[in-house]
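Have a look at the structure below, then the notes.
The values are calculated or read from the model by the stated rules, or taken from the named source; none is laboratory data. Everything numeric in this text was worked out from a predicted model, so none of it was measured. Counting neighbours? That spans all protein chains shown, and the Cβs are built from the backbone with ideal geometry, glycine included.
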Amino acid sequence: MIDVLTGMFVTALLAGGVLLLGALGELIAERAGVFNLGVEGLMAIGGVTGIIAVANGAPALLGMLCAMLAAAAFGCVFAASIVLLRANQTLCGLALTVSGGGLAAAVGQSYSGHPAAAVFASVHIPLLSALPFLGRAVFSQNPIIYVIWIILPLALHALLFRTRWGISLRAVGEDPAAADASGVYVLRVQFAAVVAGAALAGAAGAFLTLAYITSWSDGITGGRGWIVIALVIFGGFKPLNMVLGALLFGLITALGFVGQARDWPVPPAFLSMMPYLATIACMILPPLLARQKRSRFLAPAALGVPYFREQR
Amino acid sequence: MTDADPPCAVRLASVTKRFAGVIANDAVDLEVRAGEIHALLGENGAGKSTLMNVLTGIYQPDGGQIFIDGREVRFASAAQAIAAGIGMVHQHFKLIRAFTVAENIHLGWAETPVRVSRPQMEARTRALAEKFGLDVRPGAVVGDLSAGEQQRVEILRTLSRGARVLILDEPTAVLTPDESAVLIRNLRAYAAAGAAIIFISHKLDEVLAVADRITVLRAGRRVASLLAADCDEPELANLMVGHDVAPRGRQSQGWTPGRVVLELCGVSARNDRGLPALRNVDLAVHAGEILAIAGVAGNGQRELTEVLTGMRPASQGQVRLDGRVMRADPAAFLAGGVGHIPQDRLKNGLAPSMSIADNAVMREYRRPPLARGPVFSRVAAAALAGRIIADAHVAVPNMHAPVRNLSGGNQQRLVARREMRVASRVLIAAYPTRGLDIGAIGTMLRYVIEMRNSGIGVLLVSEDLEEVLQIADRVAVFFAGRVMGIFPTEDADGEKLGLLMGGQLA
Amino acid sequence: MAKSWASSWAVNLRNIQKFFGSFFQKRTASFLLLPAPGRWPLLISRLLSIATALIFGGIVFTLCGYDTVRLAVDVAQASFGDLFGLEDLGLIWSPLILTGLAAAVALRIGLWNIGGEGQFYAGAIAATWVGLHVQAPAGIALLLMAVAGFVAGAAWILVPALARAWLAVDEIITTLLLNFVAVLLVTYLCTGPMRDPANAVTAASAHVPYEIPPLLDDLHWGFAVSVVLVFAVALLFGRSVWGYEVRVAGANRHAAEYAGMRVRRRLMQVFLLSGGLAGLAGMLEVAGTVHRLEGGISNNFGYLGIMVAALAGASPLAVLPASFLLALLLNAGIVLQSYGVSKYAVLALTGLVLLSAAVGERLAYYRLAPKLASAR
């Protein structure tokens, strides 16, 4: 029994890690007022870039870095369209998803199905990995797990709420006109936020193909990008909530695998549906239950609204 | 000004700014000295706010130069203007409502440390507030503050950035008379300490009381710069409008009460955030009268008009139209003969991207001949639209162009005539003259009087006391969601109304 | 018109200039942001942006060493060369018309129905089930299948619709996630309860006995039905009271409420219509083209429907040319496969077309400063 739980937790940290990386990136963009719907495409690009990089001899970490750069490049194109040219955010996001996914599939065709040449290998920490449950689940993973689950969320929390850059970023997402009048460079902040978010989405994709599933195939992102967006919304736009949400989703995914492995009476297709249905439930239940009190599920006030300085 | 004087704190030379098809500022000159309060006077649309937006770096001028202390400067952004010592308190506060006072003060401020926590920010804010003698609560969320408090936060923010030129855009529009007095006292103190203050207003009496010098703008051009001591109201009004303005006399005759058409009985209501907006309000609109609601904006007037037109439910009490108790259903109120000129025409009254014709028929689209069963007749709709457009004297070459292409005055007249057609019992007019030039204001007031004279009850919400005293039969003063007093206009005067508006029972 | 195009690029240079600070001190001419784009600039910008994207794609293709001209000729040949090609094109065009119409209907009231794919499959599932379990004359059976398809599509969008109308939950995510659920459901059904016992190789349902009669050899009457529906919907929006209310609600929800319209009710009705149309597309595909239920009968029709609606600017009539363009692109994808290029490259191209159209729509708002009238 403990073995099953341990295995579930290992999977949860990996599966959830993908979601968490993407969510933290999307959080940065949404806090700056940009609703980036292209996460799915950016994850695909990151995933395939990671695979190609390691196939050409790079170690996994370098592969992830390349993935981040590639995704950031696409993020620049997206940011230029949305922030500088003020094109419709939903359309551009969908375009990014479709073209990113298509491009990644086209480029990655020859790598499809082959295991990744290098992965984020497990590292057993000397004493701690002998512990009964946590030992295998937490302390026998690749150190990047700690970066994703502990360091990055804490750093992001500090950045958003305890630095002057965080104040500027959140201000841009709440009321760009007010931020502009206060002397914040709205366009630069939004552009940087979008590119940073894109880089993290690319990292998420690389983590998917180099640590969790350790191979590439078309459609491997499987809607995770959309779950990421939902995660940011019902996580209340706070980094620490993302951690809990990602862990929850990781566990649900792991539960699905356990069910399939142990031949539960539920057909495997339905087990695979769980993450998606759970996401929908998580989006519907909070507003449903919180109808009485106006809780703080409030998004940045200017989310999704393009900023025009000279509009009369 | 002779050459021996020190250079002006601010000098704008021949500044020009254009927008789509309109010249907002046409070669405007402005000189403001340190230590003076300089008023910028003009009607709505004269270009005052635009000019100040150019000075503060939000807009880029299309022509002309800006000199600060004699040096020419170019502001590519608001940040550069702030760094040069220019601070602006906007008419619509540029504060982040979701942030606390302390966070707003520290936003975009060069002196904010890179790593700073909430308690740190609040302590620094408290120190600043003491230094400048302004009463603010650092930990409060701005969205919860009153207009007067928010304005104090804006002023604190500008002063803490080291502003030596302080620009205030219609600052007394949201203040009670008491708060205005406090503000003016503070401004005189800052001027005495060497700041240059630019005070934008369209209120003649205020300008004469506060300013040292006055510059008048009209239609984007500067028409005069005078010493306040050298001029009087009629002269200023003349300069503002461009022709002699006859003093507006009272236009309402003796009032004989008709029957009650629309009334509120002990009505309480909540606003969008769940806070009480109306408290136990008793109000009755009679046929053939103009009942004016006076009060500083934000004291429940919006919720009042929404309850009276079915757009907001009452949490307590009853709304009665012709004696019948009504549910909160705009369609039912419309069918009952209630017309509504909304406060925010672009948000509520019009669909900006739809055609002028589509907007004109928005209140009558369900009635024959436009609608026969489920079918909507385009031909009949166009005919009706044509009639409304003609009545409103709006000259459009093409009624299928989007309504947002029209000017504000045209849009307002269109909405007004549309509502006048359906208002067979009551017309609710919320701030109908806001943002319009004098010609359009006159037209709207004429419409209101026309309705009254044909036996319709009119509820007029206005923040312009002069307007209220001029045409209303009765005046009700609103403060914090309560009716402070209702009386016939003959018995009202500016001072009494001012006290009630400020929350003090006379 | 060409002038405004050139000038709008200069305006974006100026935006980039603002972005980088005062790098460029050179003055550009003054450009104006209009409150609304003119109709002609909007159309022209859309066409030009599509062309730009296609040309860009062609350039990339050539740079990768392929013969673009030959590709274009092959696509034209395959699409228009002979009657069979035209019919095959029509078979791709037909579902795109309906999924595009579905998305456009929702867009008219300001809603994003990204769940067309899932609603398509839901309709296919329901139509197949009815087709396999009903004994009736062909006409009645097909009618029942159509109703089942419509209702299933509407049912598939019901939960997201309720969540949006009553809880203000973003419909983009909820409709989209159900796509994945639908695909999994089809997999389950085709490998389980609805599996064709006679067919041991592929996972598919049994052959549905009722087939839509052919219009031409391969092209079935479903195509005609789709086109007729386009005109019907256009009529609905333009000439009915309901359509007027939907248009106002889509343009400004507050104004619609102010005018006494029941906006929530219209939201639900539009949602259900949108889902139903996509479900109907699934039924037509099963009953007309594939004749059984299996995974992959939707060639991304649902997702491409969004593109069609975006390119058509939410106008029902414009869905016809927009869906035709995307059908051509899909055809190009098939031809590309014979070149050894992944068919996904075409998806990348369609994404680029959408991006280009979104950007181009924005540029239509800019115009060179005309002769100015002085204020008032």
Subset of region B:46-102, residues among the acidic types (Asp, Glu) and in contact with a helix residue (DSSP H, G or I) (Cβ under 6 Å, 6 or more places away or on another chain), comes to none
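When you scan region A:227-247, how many residues do you find that are hydrophobic (A, V, I, L, M, F, W, C) and surrounded by fewer than 18 Cβ atoms within 10 Å (Cβ to Cβ)?
Pass one, region A:227-247, residues hydrophobic (A, V, I, L, M, F, W, C): A:227-234, A:237, A:240, A:242-244, A:246-247.
Those left that are additionally surrounded by fewer than 18 Cβ atoms within 10 Å (Cβ to Cβ): A:240, A:244.
Count: 2.
Has region A:192-209 got any residue that is touching a strand residue (DSSP E or B) at 6+ places or on another chain (Cβ under 6 Å), buried (at least 20 other Cβ atoms within 10 Å of the Cβ) and not in a loop (DSSP other than H, G, I, E, B)? So that I can check it myself, show each step before the final result.
Step one: filter region A:192-209 for residues touching a strand residue (DSSP E or B) at 6+ places or on another chain (Cβ under 6 Å), giving A:209.
Now narrow it down to the ones that are buried (at least 20 other Cβ atoms within 10 Å of the Cβ): A:209.
If we keep only those that are not in a loop (DSSP other than H, G, I, E, B) as well, we get A:209.
Among the residues of region A:192-209, at least one is touching a strand residue (DSSP E or B) at 6+ places or on another chain (Cβ under 6 Å), buried (at least 20 other Cβ atoms within 10 Å of the Cβ) and not in a loop (DSSP other than H, G, I, E, B), which makes the answer yes.
Could you grab me the full set of residues in region B:60-90 that are in a loop (DSSP other than H, G, I, E, B), in contact (Cβ under 8 Å) with a residue 60 or more places away in the chain and over 16 Å from A:Ala179 (Cα atoms)?
First pass over region B:60-90, keeping only residues in a loop (DSSP other than H, G, I, E, B): B:60-62, B:69-70, B:74-77, B:84-85, B:90.
From the residues that got through so far, the ones that are in contact (Cβ under 8 Å) with a residue 60 or more places away in the chain too are B:69-70, B:85, B:90.
Selection gives B:Asp69, B:Gly70, B:Gly85.
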Going through region B:140-150 in order, the residues found to be at pLDDT 90 or above and more than 14 Å from chain A (Cβ to nearest Cβ) are B:Ala140
All conditions in (1) over 25 Å from B:Leu208 (Cα atoms); (2) assigned by TED's automatic domain parsing to the domain that holds B:Leu159; (3) at pLDDT below 90 are true of B:Thr50 except (1)
Of the conditions (1) of a type outside the set (Ser, Thr, Tyr); (2) surrounded by 23 or more Cβ atoms within 10 Å (Cβ to Cβ); (3) over 20 Å from C:Leu98 (Cα atoms), the single one that C:Gln337 does not satisfy is (2)
Requested in this report: Inspect all residues belonging to region B:253-261 and state whether any of them is in contact with a helix residue (DSSP H, G or I) (Cβ under 9 Å, 6 or more places away or on another chain), charged (D, E, K, R) and modelled with pLDDT of 80 or more.
Outcome: no
For strands (runs of 3 or more DSSP E) lying entirely in region B:379-486, having 2 or more residues that are aliphatic (A, V, I, L, M) and in contact with a Ser or Thr (Cβ under 9 Å, 6 or more places away or on another chain) picks out B:426-430, B:457-462
Over region A:158-176, the set of residues facing another protein chain (nearest Cβ under 7 Å) and without any contact (Cβ under 8 Å) to a residue 60 or more places away in the chain is A:Arg162, A:Thr163, A:Arg164, A:Ile167, A:Ser168, A:Ala171
Looking across region C:187-212 at residues that are of a type in the set (S, T, N, Q) and either assigned to a helix (DSSP H, G or I) or surrounded by fewer than 17 Cβ atoms within 10 Å (Cβ to Cβ) (or both), the single one that is nearest to the chain's Cα centre (by Cα) is C:Thr187
Picking from C:Leu107, C:Leu98, the residue that is of a type in the set (A, V, I, L, M), assigned to a helix (DSSP H, G or I) and surrounded by fewer than 24 Cβ atoms within 10 Å (Cβ to Cβ) would be C:Leu107
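Here are C:Ala322, C:Ala281, C:Ala287, C:Ala314: which of them is more than 10 Å from chain A (Cβ to nearest Cβ), at pLDDT below 85 and within 21 Å of C:Ser94 (Cα to Cα)?
Matching residue, one of C:Ala322, C:Ala281, C:Ala287, C:Ala314: C:Ala314.
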**Item:** Residue check, C:Trp129 more than 23 Å from C:Ala314 (Cα to Cα), of a type in the set (Phe, Trp, Tyr), touching a residue at least 40 places away in the same chain (Cβ under 8 Å) and in a helix (DSSP H, G or I)
**Value:** yes
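Among B:Ile438, B:Ile389, B:Ile428, B:Ile456, which is the only one that is over 30 Å from B:Ala284 (Cβ atoms), crowded, with 21+ Cβ neighbours inside 10 Å and not basic (Lys, Arg)? Can you show your working first?
Details: B:Ile438 fails: crowded, with 21+ Cβ neighbours inside 10 Å; B:Ile428 fails: over 30 Å from B:Ala284 (Cβ atoms); B:Ile456 fails: over 30 Å from B:Ala284 (Cβ atoms).
None of the other options fit; the residue is B:Ile389.
Determine which member of the set C:Val159, C:Val147, C:Val134 is surrounded by fewer than 18 Cβ atoms within 10 Å (Cβ to Cβ), of a type in the set (A, V, I, L, M) and farther than 28 Å from C:Leu304 by Cβ. Steps first, answer last, please.
Values: C:Val159 fails: farther than 28 Å from C:Leu304 by Cβ; C:Val147 fails: farther than 28 Å from C:Leu304 by Cβ.
On inspection, the qualifying residue turns out to be C:Val134.
I need the full set of residues from region B:397-412 which are over 26 Å from the mean Cα position of the chain (by Cα) and buried (at least 18 other Cβ atoms within 10 Å of the Cβ), in order please.
Taking region B:397-412 first, the residues over 26 Å from the mean Cα position of the chain (by Cα) are B:397-401.
B:Met399 - this is the single residue of region B:397-412 that is over 26 Å from the mean Cα position of the chain (by Cα) and buried (at least 18 other Cβ atoms within 10 Å of the Cβ).
Among the residues of region B:364-378, is any crowded, with 16+ Cβ neighbours inside 10 Å and over 30 Å from B:Gly457 (Cβ atoms)?
Filtering region B:364-378 down to residues crowded, with 16+ Cβ neighbours inside 10 Å leaves B:364-366, B:370-371, B:376-377.
Pick out the ones that are also over 30 Å from B:Gly457 (Cβ atoms) and you get B:376-377.
Checking region B:364-378: at least one residue is crowded, with 16+ Cβ neighbours inside 10 Å and over 30 Å from B:Gly457 (Cβ atoms).
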Matching residues in region A:128-139 (surrounded by 13 or more Cβ atoms within 10 Å (Cβ to Cβ) and in contact (Cβ under 8 Å) with a residue 24 or more places away in the chain) number 3
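Quick check: is even one residue across region A:160-171 of a type in the set (Ser, Thr, Tyr) and over 24 Å from C:Asp170 (Cβ atoms)?
Within region A:160-171, the subset of a type in the set (Ser, Thr, Tyr) is A:163, A:168.
Restricting the remaining residues to those that are over 24 Å from C:Asp170 (Cβ atoms) gives A:163, A:168.
Within region A:160-171, one or more residues are of a type in the set (Ser, Thr, Tyr) and over 24 Å from C:Asp170 (Cβ atoms).
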query: Does A:Gly102 count as closer than 26 Å to C:Gly115 by Cα, without any contact (Cβ under 8 Å) to a residue 40 or more places away in the chain and either surrounded by 23 or more Cβ atoms within 10 Å (Cβ to Cβ) or not aliphatic (A, V, I, L, M) (or both)?
result: yes
Picked from region B:95-122 (must be surrounded by fewer than 21 Cβ atoms within 10 Å (Cβ to Cβ) and within 24 Å of B:Ala195 (Cα to Cα)), the residue nearest to the other protein chains (Cβ to nearest Cβ) is B:Thr112
Across region B:17-41, the tally of residues that are more than 14 Å from chain C (Cβ to nearest Cβ) and either within 23 Å of B:Glu206 (Cβ to Cβ) or buried (at least 24 other Cβ atoms within 10 Å of the Cβ) (or both) stands at 12
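Let's see how each residue does on (1) among the charged types (D, E, K, R); (2) in contact (Cβ under 8 Å) with a residue 60 or more places away in the chain; (3) surrounded by fewer than 20 Cβ atoms within 10 Å (Cβ to Cβ):
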| position | (1), (2), (3) |
| --- | --- |
| C:Leu216 | no, yes, yes |
| C:Trp221 | no, yes, yes |
| C:Ala232 | no, no, yes |
| C:Val246 | no, yes, no |
| C:His254 | no, no, yes |
| C:Leu280 | no, yes, no |
| C:Ser298 | no, yes, no |
| C:Leu311 | no, yes, no |
Counting only residues in region A:116-134 that are modelled with pLDDT of 75 or more and small (Gly, Ala, Ser), the one farthest from A:Trp216 (Cα to Cα) is identified as A:Ser122
*Condition test on A:Ala155, is it aliphatic (A, V, I, L, M), away from chain C (no Cβ under 14 Å) and surrounded by fewer than 20 Cβ atoms within 10 Å (Cβ to Cβ)?*
yes
